[in-house]
1. Since residue 331 meets every condition but one in (1) in a loop (DSSP other than H, G, I, E, B); (2) among the polar types (S, T, N, Q); (3) surrounded by fewer than 21 Cβ atoms within 10 Å (Cβ to Cβ), which condition does it not meet?
2. Give me the residue from the stretch 208-240 that is in a loop (DSSP other than H, G, I, E, B) and polar (S, T, N, Q) and, out of that set, surrounded by the fewest Cβ atoms within 10 Å (Cβ to Cβ).
3. Hey, can you tell me all the residues within the stretch 40-54 that are free of Cβ contacts under 8 Å to residues at least 40 places away in the same chain and not basic (Lys, Arg)?
4. Of all residues in the stretch 62-88, which are closer than 18 Å to residue 138 by Cβ and modelled with pLDDT of 95 or more?
5. Can you pull out the residues in the stretch 175-199 that are in contact with a helix residue (DSSP H, G or I) (Cβ under 6 Å, 6 or more places away or on another chain), crowded, with 16+ Cβ neighbours inside 10 Å and either over 20 Å from residue 14 (Cβ atoms) or charged (D, E, K, R) (or both)?
6. Take the stretch 325-349 and flag every residue that is free of Cβ contacts under 8 Å to residues at least 24 places away in the same chain and among the small types (Gly, Ala, Ser).
7. Out of the stretch 334-348, which residues are assigned to a loop (DSSP other than H, G, I, E, B), in contact with a Gly (Cβ under 6 Å, 6 or more places away or on another chain) and surrounded by 14 or more Cβ atoms within 10 Å (Cβ to Cβ)?
8. Taking the conditions exactly as written (surrounded by fewer than 22 Cβ atoms within 10 Å (Cβ to Cβ), aromatic (Phe, Trp, Tyr), assigned by TED's automatic domain parsing to the domain that holds residue 351 and within 14 Å of the chain's Cα centre (by Cα)), does residue 11 satisfy them or not?
Amino acid sequence: MSILFVLEHFYPYIGGAERLFWELATALAREGYRVGVVTTRFRKGLPEEEEVSGVKIYRVNCRNRYYFTMASLPAIRRLLPDYGLVHTTSYNAALPAWIAARRSGKPVVVTFHEAWGPLWWRLPFASFPQRLAFYCWERLLLRLPFERFIAVSEYTRRELIRQGVPENRVCRIYNGLDYKEFEAYTHRPPEVFTYTYFGRLGMSKGLDLLLPAARRMAQAHPDSHLKLILPTYPEGMYKWVKKRIGELGLEGNITLLHDLSKERLMEEACSSSCVVVPSYSEGFCFVAAETVALGVPVASSQQGALKEVVSGRFVEMEAMTTDALVRALEQAYAGSWQEKPARRFHLAESVAAYIALYRELVS
């Protein structure tokens, strides 16, 4: 069996969706499947074609994920004769993947990490025309007749059905982690209260709440410290973060880190009092799942699938406001945690579920 992934971003891009497809693609390659990926050449210096861990990567020469929607179509059509099935993802990659697969007669499935629906109208960092465009684009994708819509959590599965996707076309496959990766790490909380955010930059991630909350924490607890582990792209949002830090006078209470190795990232999380996830929504959230696997407490918004993934020791925001985030951080500062058994999401189970689905569709 051979699978062609069509993804707006892939290795070495940082993000939860990228983590899912990296783990899945390399696991399939180890199992002996032929795996290709069509994606953006989002950064100068990346080769247009390369093979990494058994996965053949084809990068379309465009840096903008929105241009990828049309620019990728010729590459997908050229490569499709060598592959038996197409697997794509929301948002910008889904339409060209569906068009090319339909024209070639190949089955095509889409992973939906989140279906935001009305949430588009409440998120920061977007104008009304942008919100309208994103909302309409999502509605279009939800109406395309993919063979399967794969939800990465029960929350996303329910949302897809609620927004009109036929239930018999929706299946849930949780994202998976290889828990052996976390066995070498131990939580070592520092003497100074240090809370860490790590992950991609995005409009749903709650950074507009986190930075003002950090200022209030610095005023109440001058020794408190926030570690922001971020990529430097998208460039506009990264510039906003740096500007906001200066406006709030937080230079002495924030450490900015970039481009860390996986090992260094895990070390930084383990040397934190807690990890903070103030997202407006999460379809799964690798950050939360990895933090739980490390035994590090989580301060969470509990929005979307976070209620399924966050476990172990945690505190939760009561509302999506800066005040609520400050209250949650104050609880974390005091060590006043809620607790429930740690939940695990095994990579082997996830890969097996994907292989079973692929075989069903190809046969």
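1. Among (1) in a loop (DSSP other than H, G, I, E, B); (2) among the polar types (S, T, N, Q); (3) surrounded by fewer than 21 Cβ atoms within 10 Å (Cβ to Cβ), the lone unmet condition for residue 331 is (1).
2. Ranking the qualifying residues of the stretch 208-240, first place goes to 232.
3. Within the stretch 40-54, 40, 45, 46, 47, 48, 49, 50, 51, 53, 54 meet the criteria.
4. The one that is closer than 18 Å to residue 138 by Cβ and modelled with pLDDT of 95 or more: 88.
5. 187, 193
6. 334, 335, 336
7. Scanning the stretch 334-348 gives a single hit, 345.
8. When the stated conditions are applied, residue 11 passes them.
The values are calculated or read from the model by the stated rules, or taken from the named source; none is laboratory data. Remember, predicted model here, so these are calculated numbers, not experimental data. When we count neighbours, we look across all protein chains shown, and the Cβ atoms used for this are built from the backbone with ideal geometry, even at glycine.
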